[in-house]
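Written below as structure tokens is the structure these notes are about.
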Amino acid sequence: MERKVRVRFAPSPTGPLHIGGVRTALYNYLFARQHGGDMILRIEDTDSQRFVPGAEDYINESLKWLGIKIDEGVREGGKYGPYKQSERRDIYREHVKMLLDNGKAYMAFDTPAELEEARATRPNFQYDASTRMSMRNSLSLPADEVKRLLDEGAQYVVRFKIEPGRDVVVNDLLRGNVTINSSVLDDKVLYKSADDLPTYHLANIVDDHLMEVSHVIRGEEWLPSAPLHVLLYEAFGWGDTRPDFVHLPLLLKPDGKGKLSKRDGDRLGFPVFPLEWHDPKSGEISSGYRETGYLPEAVVNFLALLGWNPGDDSEIMNMEELIKKFTLEHCSRSGARFDFEKGKWFNHKYLQEVSDEKLAEMFVPILKANGVNPDDYGMDYIARAVGMVKGRINFVKDLWDQAKFFFVEPTEYAAKDVKKRWNADMPRIMGELVEELKKAPDMTSNVLEQEILGWIAENGYHTGNVMNAFRLTVVGECKGPHMFDITELMGKDETIRRIELGIERIKPAE
Ligand code: GLU
């Protein structure tokens with residue numbers, strides 16, 4: 001019988017979620033939704049040393065912002081809870097006991113100093129079948145000694161007793177069978193009595209089993225742990241219900257050389273975190289996609305295509321389409337180069353889908369920050385201005401550069417345009433243009449255009465020169481949307497005022 005698809009995203013709250021982790025969460029989500037399955041969010045916080053306050057909220061907020069919906073988790077609840085590992089101590093204790101009772105694990109009393117000594121004095125020391133009998137553990141020590149140590153309250157760890165010389169096969173749905181000999185594995189620590197907590201390996205396996213996880217989809221960095229996990233499933237007698245593994249390829253630096261790091265982002269000016277992160281210890285602030293001005297839909301689309309392709313040439317796909325199209329078969333096995341310019345392109349594309357009215361609302365705080373009172377213009381004016389320039393923006397914040405002239409008159413005029421377009425005749429010709437405008441009955445773009453072009457022709461002026469000088473006075477430089485669309489929105493009085501200001505202020509280049 002086909003088992004129900006149940007996947008989990010299992011981050012450790014040790015800091016902000018990296019963009020690679022977000023991609024892992026997204027692939028899990030797409031896979032779950034496509035198969036009508038469940039998406040679990042499990043917080044793996046058994047490493048108390050590395051716990052960072054705020055990280056769990058950050059994870060939740062990030063997934064919410066991106067539209068990755070969780071079916072079962074700390075906030076959502078669910079019948080397999082608790083979903084935070086630090087709240088599952090009893091469960092782990094019980095499972096550690098199972099392994100100790102059936103001889104698959106043992107207690108080790110070696111102190112940190114003794115381990116240090118072993119590492120320092122024996123070449124390539126590894127705690128395993130070849131060395132364990134020379135160490136202090138429940139296999140090497142007499143039973144009464146072990147009992148005495150426990151009665152005394154000595155601290156110990158529980159280690160997995162790995163049988164050497166076995167080929168362990170990890171069946172990865174992306175990579176096929178990956179075989180590793182058990183002799184290279186060490187007797188991993190599964191539990192520490194000092195903090196009464198399991199390590200990642202034990203907690204992860206026990207939870208995947210108890211939560212009936214069907215597919216473990218995670219980053220490639222976890223592939224080396226997979227043979228150990230396979231052996232743990234066997235040790236518990238759960239080999240038959242072991243989840244399928246999928247180890248996703250790394251996200252690579254933009255030049256393709258090596259793993260993407262925060263430093264690449266700092267160096268090249270792009271975020272590697274979904275949301276801005278304020279480090280509680282150092283106070284350092286790391287930029288996030290949200291605060292940089294990305295739309296969540298664009299980030300999702302961009303990330304989906306880093307390591308997966310739809311099998312055709314579609315690029316713009318919203319969450320719904322991604323869910324329909326996603327397949328593990330089309331996930332790549334090799335690393336995906338992090339092309340952040342492509343990320344901007346996606347944002348540009350998604351911004352074009354946002355209505356002018358909505359974009360205008362997003363622009364309001366930026367207007368205010370630049371000292372413009374939106375009420376002086378009204379939302380309709382702002383929306384029309386935004387509509388004219390949105391084709392030129394990658395981010396909402398770019399609207400200011402592109403549309404500020406709709407709100408503030410130019411105070412400077414681009415030197416190279418002045419040089420090219422403003423000769424000694426221009427003040428006079430612009431003066432005539434003012435008179436034409438005063439007479440114009442209608443500022444509607446195409447009507448005024450006819451009229452002004454007619455006037456230019458009648459006088460034998462050069463269209464390009466006159467129109468560019470006109471633009472220079474109104475916009476401050478020779479670029480921007482269609483000139484007569486601008487003047488239609490600005491209105492007659494403001495257009496005339498700006499031409500007159502230009503005549504006064506622009507000095508012909510020598
Ligand atoms: N807690 C691990 C992490 O931080 C989970 C790895 C896994 O998915 O098994 O990514």
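Readers should treat all values here as calculations from the given coordinates under stated rules, not as data from a laboratory. All of these numbers come straight from a predicted model, not from anything done at the bench. Don't worry about glycine lacking a Cβ; one is built from the backbone with ideal geometry, like all the others, and counts go over all protein chains shown.
Here is how the numbers come out for the structure above:
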quantity: Cα→Cβ-extended label distance, 7 Å offset, between ASN171 and LYS507, nm; calculated: 8.2
quantity: Violating pairs (Cα-Cα greater than 19 angstrom) within the set LYS368/LYS404; LYS4/LYS64; LYS419/LYS479; LYS84/LYS324; LYS420/LYS507; calculated: LYS4/LYS64; LYS84/LYS324
quantity: Gain upon complete extension [GLU412, ILE285; 0.36 nm per residue less C-alpha separation]; calculated: 42.2 nm
quantity: Contour minus Cα-Cα distance for ALA120 and ASN181 (0.36 nm per residue); calculated: 19.4 nm
quantity: Estimated distance in nm for a label pair at SER140 and GLU320, the labels positioned 7 Å out from Cα along Cα-to-Cβ; calculated: 6.4
quantity: Cα-centred dipole magnitude for the chain, charges only on beta-carbon of K, R (+1) and D, E (-1), debye, nearest 20; calculated: 960
quantity: Whole-number percent relative contact order across the chain, with pairs defined as alpha carbons under 8 Å at least 6 apart; calculated: 12
quantity: Selection from ASN28, ALA118, LEU41 lying farthest towards where the dipole of the range 6-137 points positive, charges on Cβ; calculated: ASN28
quantity: LYS439-GLU353 FRET efficiency (beta carbon distance; Förster radius 51 Å; 0.05 resolution); calculated: 0.80
